[in-house]
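S.K.: So that we are looking at the same thing, I have put the structure below in structure tokens.
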Amino acid sequence: MLEQNSNKTLSKEVDLLPFIAKVVCKWKLILKVSVCFMVLGVVMAFSSIKSYTAQVLMAPEAAAYGGSAELDALVAFTGLDMGEKGDAIYPLLYPEIINSLPFLCSLLDVHVKSVDGSVDTTYVHYVKKIRKKSWVDKVKAYPKKTVNKIVALFKEKESIGNPNVFNPYHLSKSQMIAVEALKNRINVLVDKKTEVITLSFTEQDPLIAAIMVDAIKERLQERITEYQTKKAIADCDYFEKLYLESKREYELAQEVYAVYVDRNRNVTQERFLIEKERLAADRDLKNSLYMQWTQQLQLAKAKVQENTPAFTTLKPASVPVFPSSMGRLMMVLVYTFVGAMLASLYILLKDDAVSIYHELFKKN
């Protein structure tokens, strides 16, 4: 049995020799195709533009999803009901927030600067007027641009107001292209186990990439904080209004009681004593309401603080030193390798493909 298995293995290994010999015999063709692809790789390598990727690692505070022990203790002590816990946006939803139109439009007005100091403007102006384009991109865009110009001659211009103002609810075609281009340069990864968020931004200038990824981090934190504290802040404003009103009423009732007592200090008639007791009861009632709304206001402020999410920056934004795009030498090697592989496949499959074609042709 062992000898049979070894013979089968040897036969399989020997079967590869004809294919190898077939490829080696056509080494000139492989060399020609490889050289052609190498030249193409050189052209593509020198026409490509370097890009840099800046990265930020951040993690939301775990307590942002649950209640605060201190606040729960305060609620239990006062015996007041603060309602249900505030809603939280979980990290898995962060990519959806970043890829939303309102968020992307808010990034276009970020002020950016280049490493050499030649750029000092908004990101949208940099994208439209300053960012370099390779000749490959220009060739790709030329037919579409030509068609759009011809169509524009027979089509009324769309009026969207100021073209520099990006309204997420009403974007022009050119504005939508700019937003989609920005979206393609952003990468958001969320680790489901550790909930660590990785933000990265790719741009031609390393300083601009670092500025943009830092802006994404800051504005994401602002959006999350705004969402999670919106209801708590509204409740806090409502309780503060009631607190100020009850304080004013209590101070007024206190003043009325004090004035009445001072004016009728030596009076012993029953009707004056009854009025004094009524004013004292009204003062005590206003004081009770004042103390209650004071406690509610303190709890509402604590609720705002509890719902405010905290983020830990594990890796802050920094200006990348090395480009993230493929190096020119590596690009040339990849093109050369692809050319050699395609030539080899052509040599190996040519005869089989021709025979299959002839068989099909004869049957027809």
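S.K.: Quick check on segment 255-265. Is at least one of its residues surrounded by 14 or more Cβ atoms within 10 Å (Cβ to Cβ), among the acidic types (Asp, Glu) and assigned to a helix (DSSP H, G or I)?
M.R.: Taking every residue of segment 255-265 in turn, none turns out to be surrounded by 14 or more Cβ atoms within 10 Å (Cβ to Cβ), among the acidic types (Asp, Glu) and assigned to a helix (DSSP H, G or I).
S.K.: Residue 34 - would you say it is modelled with pLDDT of 70 or more and buried (at least 18 other Cβ atoms within 10 Å of the Cβ)? Don't jump to the end; show me each part of the working.
M.R.: Values: modelled with pLDDT of 70 or more: yes; buried (at least 18 other Cβ atoms within 10 Å of the Cβ): yes.
Here the answer is yes, as residue 34 does meet what is asked.
S.K.: Here is a further query. Among what's in segment 102-120 and is among the charged types (D, E, K, R) and surrounded by 12 or more Cβ atoms within 10 Å (Cβ to Cβ), pick the residue that is nearest to the chain's Cα centre (by Cα).
M.R.: Per the criteria, the residue is 109.
S.K.: Condition first: more than 15 Å from residue 315 (Cα to Cα) and either part of a loop (DSSP other than H, G, I, E, B) or of a type in the set (Asp, Glu) (or both). Now tell me which residues in segment 195-217 satisfy that.
M.R.: Answer for segment 195-217, where residues must be more than 15 Å from residue 315 (Cα to Cα) and either part of a loop (DSSP other than H, G, I, E, B) or of a type in the set (Asp, Glu) (or both): 203, 204, 205.
S.K.: Turning to a different aspect of this structure: Condition check: among the aliphatic types (A, V, I, L, M), touching a helix residue (DSSP H, G or I) at 6+ places or on another chain (Cβ under 6 Å), modelled with pLDDT under 90 and closer than 22 Å to residue 56 by Cα. Does residue 179 satisfy that?
M.R.: yes
S.K.: Scan segment 281-317 residue by residue and report those that are aliphatic (A, V, I, L, M) and either touching a His at 6+ places or on another chain (Cβ under 8 Å) or assigned to a helix (DSSP H, G or I) (or both).
M.R.: Going residue by residue through segment 281-317, those that are aliphatic (A, V, I, L, M) are 281, 285, 289, 291, 297, 299-300, 302, 304, 310, 314, 317.
Answer for segment 281-317, where residues must be aliphatic (A, V, I, L, M) and either touching a His at 6+ places or on another chain (Cβ under 8 Å) or assigned to a helix (DSSP H, G or I) (or both): 281, 285, 289, 291, 297, 299, 300, 302, 304.
S.K.: Right, residue 335: crowded, with 17+ Cβ neighbours inside 10 Å and among the hydroxyl-bearing types (Ser, Thr, Tyr) or not?
M.R.: In short, yes.
S.K.: Could you please tell me which pairs satisfy a Cβ distance under 9 Å, a separation of 6+ or placement on different chains, a first residue in segment 315-334 that is without any contact (Cβ under 8 Å) to a residue 24 or more places away in the chain and of a type in the set (Ser, Thr, Tyr), and a second residue that is surrounded by 15 or more Cβ atoms within 10 Å (Cβ to Cβ) and assigned to a loop (DSSP other than H, G, I, E, B)?
M.R.: If the second residue must be surrounded by 15 or more Cβ atoms within 10 Å (Cβ to Cβ) and assigned to a loop (DSSP other than H, G, I, E, B), no pairs are left.
S.K.: Look through 220, 273 and report the one residue that is in a helix (DSSP H, G or I) and under 30 Å from residue 186 (Cα atoms).
M.R.: It is 220.
The values are calculated or read from the model by the stated rules, or taken from the named source; none is laboratory data. What you see is a predicted model, and the numbers here were worked out from it, not measured in a lab. Cβ coordinates were reconstructed from backbone atoms using ideal geometry, including for glycine residues, and neighbour counts include every protein chain displayed.
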